[in-house]
Every structure is written in structure tokens, then in C-alpha cells.
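Some notes on the structure that comes next.
The values are calculated or read from the model by the stated rules, or taken from the named source; none is laboratory data. Keep in mind that this is a model prediction, so the values were computed, not measured. Here Cβ is always computed from backbone atoms with ideal geometry, including for glycine, and neighbour counts include all displayed protein chains.
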Amino acid sequence: MINTPAVLQNTVQQKKMTIAIIGNPNTGKSTLFNQLSGGHAHIGNFPGVTVEKKVGSVTWEGRQIDLVDLPGTYSLAPRSIDEMLAVDVLLGRQKSVPRPDAIICIADASNLERNLYLFSQILDLSIPVVLVLNMCDLARSRGVIIDAQALSQKLNIPVICTEAHHGKGLKELKAAILKIEAGAAHPPLALFPNAFYSERNLLREKLQTPQEQAAPDFLVDRLLLDVGGYVESYFEHHAKNGLMDHLHEARSRLKAAGFAVPAMEARLRYGWSRELLQDVVQHPPDHRVTASDKIDRWLTHRIFGFLFFFLLMFFVFQSVFTWAGPAMDLIEAGQGLVDAAVESVIPPGPLRSLLVDGVSAGVGGVLIFLPQIVILYFFIAVLEDSGYMARAAFIMDRLMRSLGLSGKSFIPLMSSFACAVPGIMATRVIENRHERLTTILVAPLMSCSARWPVYTLFIAAFIPNIAYLSIANSPVVTLQGMVLFAMSSIGALIAIPVAWFLKRVCFKGDVAPFVMELPGYKWPSPRNVIFRVYNRAKSFVVKAGTLIFMTSILIWAAGYFPGDHSEQFQVQNRIETVDVSLETLEGQIAAAEEDTAAALKELQTQKDVLTQEQSELNEKQNLLSSQLVENSFLGKAGHWIAPVVKPLGWDWKIGVGVIASFPAREVIISTLGTIYSLGGDISEDDEGLIGSVRAATWPDGSKVFNIPVAISIMVFFALCAQCAATLMVIRRETNSWFWPVVSFTYMTTLAYVGAFISYQVGMLFI
Amino acid sequence: MTLNQIVKGQVARITQINGEDAISIRLMEMGLIDGEQIQLLGKAPLGDPLEFAVRGYRLSLRLNEAKCVEVEIV
């Protein structure tokens, strides 16, 4: 207790420190961040951009520190609003983060010369820096030997060797950070000729307005250096007239003096980096073939490369299906147990309906995605960590480019065939904003597993089972199979023109370069893989899960209100009493002795009476449910959209099914079950449902469903965006409501037009 | 000649990066500067993109990006 005031004083004096972590891609930056933050990071988005904001709050030796993870980048010359974010954070212009007190610049030890390019730009910011040489063990094994101490002396900056994936060097790094004193920044590196700096000062005067603070030197440097960069376009919109003319004149004067931008920057910085490293780093001789190169010759080989790639993709895909299935069944079973527990405690009524049909269904609807996300992300993390992810993009680039995308879009799109949610989450590997948005927008068109129940139901009910080719009496090519195949591929086929349109029309003029590093192969670090899978899953449940849950509650309420449910509850009560009595009776019958035949007969009669009542009650219950749905807001909406869906060949019941399936496509099965008075717990291959669907009629007695209607419904579900989880993940990943609205609108339009054409054309043949 | 014309295994010296667009700036940021040596290590299965060794690391470039790089054979 005696030293409490001193401790207090100490914490008061030392304000919270903000430390930014930045580095090239593939330097192990996220591993280092996870290790330093202990895996506890607040994940969110920076306002206005699609960049993820990761802040880890830690306390080191009583000092509170916020670690801010910035996206991996090769340079601080921003070309888009997303790349500008790192510059804004470092300059203290990003309002949601205080200006960093220090920067940790992480570099790949085996590839220092290129990594120091970014570092040299960071030195110009006049913020204290610690240089981390990560993967020192890997560098040593590749024959790169670094004298970190000599480097630190030359730079007059702390240089720490780490092996982040097994936690080596972190203690030294923490000590170096804690030693940084406030305001102890070194002067800018200032590599450029005087002519450049005088042009910069002239330009700054032009920029300055009385109201505004002077633009930081770094930003004016970027304006002058980055031809066609983001800073230039920013000032073009925000500065007064004449600035651009002045800028172009300044650049031509520099060119005339022999310092043409942008080439000057690269030449001077790389010159500095090479000179700095000259007697500090020992390299293996140039053009030496490494083990990684030998692996690459096989894995990017014209035949084996493709073969390996497709086998691997097949394995990943198959694993998602095989392993996620049982886990999803478990989640459903768990949900069933919870429902049963709730039903045993709470009598039939609004509260029970809310808990079972709203809350439990909503939570289940979120958790059901976890197995696929976890398994897919496990593979993605392993592929990225091992270095193969870059090769996958390398191999697929040529093919994907014909669709206007790049190789980096392949894995997210392939994943979307299992489920668009993890697929969209996987688009993080795409740095280019427009390419990433294009991939996000077309990903939900891929035929995911949630569409299968819809296809199965309507194919089983309406498509004749005709075999066109049989081998050894087992059908190989059937009409049903062909329709299923057509439905599964229609989305992907439509995605081609959509992607083309988005890239050529909406995001015109933005060519994403494929200039990227192919990192050396290495064994993935299990700890890193687990961290990443955990973070992805957590971020999905917390950020998207809440919204998905709320959508489910809303749809539940729309289907529940405003009807009077009292009769339904009475019937439900009676059903449950009858169920219990029946169970007791059965127990008694089983226990009854053979010789008391009379008593047994009496029990049997009681049972028959109750069974009769039970089936009558169930029928009544189903009828009531279907009437209640018809009179609910949902049912009214169904009637209201009936004229809109009439040209698709649908009646209002299908309309209700489509609206109710907004949280998830497969919900249409149970909604149709309720509406056709079969009860809600129904599966796609239920004979009763297939029968009711076949038998459904219009008021005039003609059949609702025929082959064109079935096809029209399937086409609609192949192309529509009836999946709240997908839309919420798009909202989460793009950090805006605009893109989910765009997705929903364009996909619903496509679905409507597709269904319209299939029905109208189909009717011509009937 | 340009970088897309060299054959597998060949080492070339960069003489110039053409253009001032996003791609040529990115190429320079990645260390492709006149005087630097660059080697073609291999190609993707469909012949594009290409894998190069430069400054001790491995770099992937598309054919049209490699076209921006003027080289001479060493």
C-alpha cells in the first residue's frame, strides 16, 4: 500500500503509447502482431476504406501500449484510398487512431535490400523506428548472414533479430520499444538532391491556405514524387486552381536537372539500401538455385504444376464438404436439444415461439457457417504460410485474366462453391480494391451448398427420371442430373459477363499489376495457422453474426405477427399432453403381463383413441399454422408481391417462401412445408411435400406447378441473393452498406429476369 | 530488347523502365532499376506470368508488365 502513490504517479506520467507495425507482405507481420498482442486484438474497420483495423492493447512493464497493425505494403507511395490509409495513420491524419509514438518496421531478413526500400521511406517520417529483421533462422539457412549490431550502429536505430513464429527475440523487441523516449525522433533520411527539396518548399507554399495547417513534408514529397498517385488526385480535387500546373512545371524542372520523378526515388533509395548493407550482410552468390527454386520448377511445371494444383483444390474442396457436414449436423442436433429443453420448460406461447423459432434458429443460422469457415480458413492459412498461395495465383492468373480478374481471385471464387461466406472473407488476399470488389460481387453467384435442397426438391418433384446413358444397368447420364448440373453452373456462367462488366465499365481504367513477390517455400507454423483461423471465426461470429441473428428475428416476427395464436397454443398444449399420455400408455402396455389380456386390451383401446386424437390435432395444428402464416405480415407481403411474381408463374405461396428465405435459401423448404399445412420440420426429399407441391392449384383449379415453374424457381434461387449471411459479410468486408445493397439489387434483378425467361420460354413448349 | 523476350535461365541487365504509369512505378519500387541484373527462372503453366530472380528474391511479372522493362543480355 505504501508505494501505491508512486505507482499511480508513474502511470499518470507515462501516457498510453501508440505503436504502428508496418512491413512488406510475407514478412511474418501478422505473426509478430499476434505474438506481441497475445492474440487479443480488437478487429474493426477504418472508416471509409475496406482495410481491416487491428488494434492490440497490451501492458508492458506497467506501460499501456496500443499496437496498430497496418496492411502489408512494398512502398508508402499510395495509389488508392486503401493504400493511403497507412500514410494517414503514420502522419496522424486518421482520426480513429492517435499519431503513432513509434513504428515497428518488420523486414524479411533473407531479403533485406528490397525490404529496406519501405524502411527508407519510413525514416523520412521523423517518427522513432525499431527495425525488426524477422525470420533470421530462415535467412541463415539460406546463407544470408547479417551483422545486426553493425547495422544498428550505421543507422543509429535499434535493430532486433526475431523469429516471430516461435516467439524468439520478442523480449528484446519489447525492451527496445520501452526504451524509446517521447519525441526522440531522428532527422529525416533526406536522400534527395537539394533541387528536390527547394521544389518541395515552393509547392508547399502553393498548397498552404490561411485556414489550414501546413501539409506535412512527407505528403508534399509524395505529391511531387507520385506521378498519377492518390496524393496527386486528392490535391487535384481539394486544392485551388493552378496547383496542378505548378506541379507539372516543378516535375519538368526536376527532369531537366537530371532528377526525373518517379525514377529518381527508386534509384536513390535502392542505392542507399545497397550501400548500407554492403559490409553488414553476407549473401550467397547470385543466381544460385535454391531448394525453393527446385520445388517451384515442379509446382509451376506445365503439367505437374496444373495436376498438383487441381488435386490440391479437389482435396481442399472435398475436405470442406466431408468434414463440415458432420459438424453442421452436430450444430443442428445441438440446436434441437436446446429447442427441446426450452419446450419442456416454457408452455406454448409467444415467448416460446420467440426463443425457438427466432432466437435459437437465429443463433443456429450463424453457427452453422462456422465449420465451413474454420475448415476453409485452415487450408487458406496453411497455403499462405507455406508460400503456395502466391503460386496458386501465379498458376491461375492467365485463366482468370480472361474473366477480367487475376489469379488471386481463384481461391475465393472456388471457395464460394462451398459457401460464399468464407469465400468473400478469403478475398482479403487481393490488395487491389476494384479487383477485390469485383470478386466479392460475383462470389455469391457461385452455386453454394445451400442451393442444393431447393434443387433437390424441385428436381425430384418435376423433372422426369429419364436415363440417356446407362453403364451396367446404372444410369450415368440422366435428365435430372443434367438439370442439376445446369443449375449448379448457371451462376458461374453468368458471373463471367458480370465480372467483365464490373471491370470494364464500373471500375474502368484500374489495371491491377501482378508484380508480386513469390516467397520461398517454408513449413507453415501451427501457431500462426491456429491464430488466423481463430481470428477469422471470431470476427465472423461477432461482426457478421449479430446482423445475421437480427435478420432472423425480423423474419420470425414478420411471420408471427399480427395473428391471434391462442387457438394454436391450445392445440399445441393438447398435443403435448396427448404425447405424454401416449408415452405413459406405451410404458404400461410394455409392462403389462401377458395373462392380463383384458387389461391389455383396455390399454390398447385407450392408445388407439389417443393416437387418433394426436393425428387429428397435428393436422389441425398444421392447418392453423398455415392460416397464421397467410395472415401474418409475411403472408400479406406474399399476397402483395403476387402480381409481381405472376409473370414467373408463381402463386403467392411461392412468393411467401421466397421472402421468408431471405435469411437463408434453404428456409424456403420449411416455409413451403408450413404453407402447405405439413408442419415446419420438413426436408427437401419429404414425400408429403413433393406430393403437396405437385397437387397445389390456382383458385381456378389449374395446377400451380409444372416443369417451367419448377425451372423458374430453381433459376431464381441460383441467381438471387437470398442469404443474409452473405450480405452481412459483404457489409463487414467492404465496411459499407452500399455494396451489400448493390449485390442484393443486381442479383435479384438477374434472378427475376432469369426466372421470367425460363418460365415464359418454357411455357412455349407446353 | 525487353524482359519478356529473354529465355529461361538467361540473365539480363536492366537498361530502362519504360513509362510513368502505376505498373512502371511498381516495377521500380520492387527494385527493377537500370544496371540491375535479372534472371528468368520459369513460367506459369500457360506461359504467363513469368518468375524472375532479382536482388536475391523471386518476382512474378505478367508478360505485358515484363514488356515495360528494357534489358540487354549479359
Checklist line | A:S566 being over 24 Å from A:F458 (Cβ atoms), at pLDDT 80 or above and not hydrophobic (A, V, I, L, M, F, W, C) | finding: no
Next item on the list: From the list A:I675, A:I713, A:I690, pick out the single residue that is touching a helix residue (DSSP H, G or I) at 6+ places or on another chain (Cβ under 8 Å), surrounded by fewer than 22 Cβ atoms within 10 Å (Cβ to Cβ), within 17 Å of A:P453 (Cβ to Cβ) and of a type in the set (A, V, I, L, M).
Entry: A:I690
Checklist line | the stretch B:1-26, subset over 22 Å from A:V289 (Cα atoms) and aliphatic (A, V, I, L, M), residue surrounded by the most Cβ atoms within 10 Å (Cβ to Cβ) | finding: B:I25
Next item on the list: Among the helices (runs of 4 or more DSSP H) lying completely within the stretch A:255-365, list those that include at least 2 residues that are among the charged types (D, E, K, R) and more than 14 Å from every other protein chain (Cβ to nearest Cβ).
Entry: A:304-345
Note to self: For the structure I just gave you, tell me whether A:A486 is out of contact with any strand residue (DSSP E or B) (no Cβ under 8 Å at 6 or more places or on another chain), within 20 Å of A:F379 (Cβ to Cβ) and modelled with pLDDT of 85 or more.
What the structure shows: no
Note to self: If the requirement is being among the aliphatic types (A, V, I, L, M) and within 30 Å of A:F716 (Cβ to Cβ), which of these qualifies: A:L623, A:L617?
What the structure shows: A:L623
Margin query: Scan the stretch B:9-17 and tell me whether some residue there is out of contact with any Lys or Arg (no Cβ under 9 Å at 6 or more places or on another chain), within 10 Å of another protein chain (Cβ to nearest Cβ) and of a type in the set (S, T, Y).
Written below: no
Check: How many residues are at the interface with chain A (Cβ under 7 Å from one of its Cβ atoms) and of a type in the set (G, A, S) when one looks only at the stretch B:30-52?
Finding: 3
Notebook entry, point to check: Can A:A175 be described as free of Cβ contacts under 8 Å to residues at least 24 places away in the same chain and either surrounded by fewer than 22 Cβ atoms within 10 Å (Cβ to Cβ) or out of contact with any helix residue (DSSP H, G or I) (no Cβ under 8 Å at 6 or more places or on another chain) (or both)?
Noted result: yes
Notebook entry, point to check: Which strands (runs of 3 or more DSSP E) sit wholly inside the stretch A:1-66 and have at least 2 residues that are at pLDDT 90 or above?
Noted result: A:17-23, A:52-60
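Being among the charged types (D, E, K, R), under 28 Å from A:R302 (Cα atoms) and either buried (at least 23 other Cβ atoms within 10 Å of the Cβ) or out of contact with any helix residue (DSSP H, G or I) (no Cβ under 7 Å at 6 or more places or on another chain) (or both) is the filter here; which residues of the stretch B:27-50 pass it? Before you say what the answer is, go through the steps one by one.
Of the residues in the stretch B:27-50, the ones among the charged types (D, E, K, R) are B:29, B:34, B:36, B:43, B:48.
Subset that is under 28 Å from A:R302 (Cα atoms): B:43, B:48.
Across the stretch B:27-50, the qualifying residue is only B:K43.
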Notebook entry, point to check: Pick from A:P647, A:P663: which is surrounded by fewer than 18 Cβ atoms within 10 Å (Cβ to Cβ), of a type outside the set (K, R) and either within 20 Å of A:G358 (Cβ to Cβ) or under 39 Å from the mean Cα position of the chain (by Cα) (or both)?
Noted result: A:P647
Next item on the list: Check whether at least one residue in the stretch A:575-583 is within 25 Å of A:Q621 (Cα to Cα), surrounded by 13 or more Cβ atoms within 10 Å (Cβ to Cβ) and touching a residue at least 60 places away in the same chain (Cβ under 8 Å), and report yes or no.
Entry: yes
Next item on the list: Inspect all residues belonging to the stretch A:139-153 and state whether any of them is crowded, with 16+ Cβ neighbours inside 10 Å and under 23 Å from A:G92 (Cβ atoms).
Entry: no
Margin query: Which count do you get for residues in the stretch A:297-315 that are surrounded by fewer than 17 Cβ atoms within 10 Å (Cβ to Cβ), under 24 Å from the mean Cα position of the chain (by Cα) and under 17 Å from A:L399 (Cα atoms)?
Written below: 1
Next item on the list: Quick one: A:V658 ticks every box in (1) modelled with pLDDT under 85; (2) closer than 21 Å to A:S447 by Cα except a single one, so which number is it?
Entry: (1)
Next item on the list: Report yes if some residue within the stretch A:397-413 is of a type in the set (V, I, T) and surrounded by fewer than 24 Cβ atoms within 10 Å (Cβ to Cβ); otherwise report no.
Entry: no
Next item on the list: Would you check which residues across the stretch A:110-123 are more than 14 Å from A:N156 (Cα to Cα) and not basic (K, R) and list them?
Entry: A:S110, A:N111, A:L112, A:E113, A:N115, A:L116, A:Y117, A:L118, A:Q121, A:I122
Next item on the list: Would you check if there is a residue in the stretch A:509-529 being over 30 Å from A:V289 (Cβ atoms), among the β-branched types (V, I, T) and either modelled with pLDDT under 85 or not in a helix (DSSP H, G or I) (or both)?
Entry: yes
Notebook entry, point to check: Can you find a residue in the stretch B:53-67 that is within 9 Å of the chain's Cα centre (by Cα), more than 7 Å from every other protein chain (Cβ to nearest Cβ) and of a type in the set (D, E, K, R)?
Noted result: yes
Item checked: Pairs where the first residue, in the stretch A:22-34, is in the same structural domain as A:L138 (by TED's automatic domain parsing) and the second is among the hydroxyl-bearing types (S, T, Y), C-beta under 6 Å, 6+ apart -> A:N24/A:Y74
Next item on the list: Please work out if A:A557 is modelled with pLDDT of 80 or more and small (G, A, S).
Entry: yes
